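Since every read-out is calculated from the coordinates, none of them should be taken as a lab result. Nothing here was measured: the structure is a model prediction, and the numbers come from that model. For neighbour counting, all protein chains shown are included, and Cβ atoms are generated from backbone atoms with ideal geometry for every residue, glycine included.
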């Protein structure tokens, strides 16, 4: 009788992932057994140290040159160069977002309690005013899902990672202390639409399995090389997978959830979603379309072309009409998702040429993530009596009331717009240059179309610059209202977050080779088998 072989798990390679999940499980035990007044004192160092330790383990693998050349965990997880780069970015972004989360006042003590009721007062007294301490293990589970999502080497593992990443975020979006109904509405919208997108992804996985007989991404690619490329199962599966993945990055026409969720969620959670979740989702898009569907690129590239162009236009144009700061940043995020899809489109005939495009996308993800976290950190400091000063009219004259704060925020907005001497300029330049170069390759039938997509991106960038500059003009060239918003005294954590984001935005803008070199090394080792 044949025995079933024991699975092989490369614990050293997967150590960063395992550390985060282990800390999340320990956090759940803390919630179950530790006295409530001690929980935050345990959670904060546990969360920060686990993220820092996981990042150190990523650095150890990179510095020792021990980047794996084969998939780990029986072929389920691909810890290659791009995965390690994305892991490092997500862990740093998550670390700084936890510093924002640690500030008191963002989270309610009991989400189920009616505002102003006796139940809420009791929950506040029991928590000592620190709010939901369950936030910390939920964040760790979400970060663990973010790490696994772009490193998944088969579609079932990717689906599990998608759910592990998404379910905690659905809960976290509904825990805002102020504007409770708006927060709970955002949580419900995100949950319902996210559940639909997950179902699309799962059905797409089933269809592709029916075609290829495997859920392994390299196996699917091999099946495409020898099978009928217009098989109905394959086409339906490709469409459904695309819906599930494009929803997570907020690409049009699947972007409707983003403005509402970004506005209603607690701002530190919005920062985490706008940075870490986007990085993880784009990494998963690259993994599926480049590794799993690489032999079908002539089929999916025209679709992604339309989605990228529509996303850039929708994000840039609709942002002009917004009067709420977080909604404006949400539409800005949608536009940037379109710019990133331009890099996804830039595929070449050889892995060496593909590394150029991959380097551009990785670079863009890193610099955009830090700028985004810095911008949302500043949003947390501009407050009205009922919460954060969301309406743009409340930001009028901020440059005269708090010139340093307004100046830093203006610099982040200029980086979003892609103004030279900021990291955002080199991010856009990298993906646009990769797209143009891919269109010049012999035999590429989309050469002219790639140039057209870059033109759409440049025009969308010009339109986006308008609403960024509008906010800057409002802050520095308008008179502040007599009852203008208060500027909260930032904690040491918030100052550290803003300082790090500013350092990266300025430093990479002046010396982009510092990050481009790391991205180049990472991009050269994408698993394709």
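Find the relative contact order for the range 15-523 and round it to a whole percent, using C-alpha pairs within less than 8 Å whose residues are 6+ positions apart.
About 15 percent, as a whole number.
Can you bin the range 193-314 into rounded, prolate or oblate? Criterion: square roots of the alpha carbon gyration tensor eigenvalues sorted a ≥ b ≥ c, rounded for a/c under 1.5, prolate for a/b above b/c, oblate for the rest.
prolate
Which of 368, 11, 136 comes first, and how do the rest follow, when ranked by fewest Cβ neighbours within 10 Å?
The order, fewest Cβ neighbours first, is 11, 136, 368.
If packing is taken as the average number of other Cβ atoms within 10 Å across a peptide's residues, how do 100-106, 376-382 rank, most packed first?
376-382, 100-106
I'm a student and want to see the number: the projected area of the Cα convex hull of the chain, averaged over all directions, in nm².
25.1
Could you give the distance between the Cα centres of the range 370-390 and the range 218-280, to the whole Å?
Each part reduced to its Cα centre gives a spacing of 28 Å.
Please compute the Kirkwood hydrodynamic radius of the range 1-101 from all pairs of different C-alpha atoms, in Å with one decimal.
One over the average 1/r among Cα pairs gives 15.2 Å for the range 1-101.
Taking the number of other C-beta atoms within 10 Å as the exposure measure, put 472, 320, 498 in order starting with the fewest.
So the residues, fewest neighbours to most, are 320, 472, 498.
Arranged from highest to lowest average of other beta-carbon atoms within 10 Å per residue, in what order do the peptides 171-183, 242-254, 385-397 appear?
By packing density, highest mean first, the sequence is 242-254, 171-183, 385-397.
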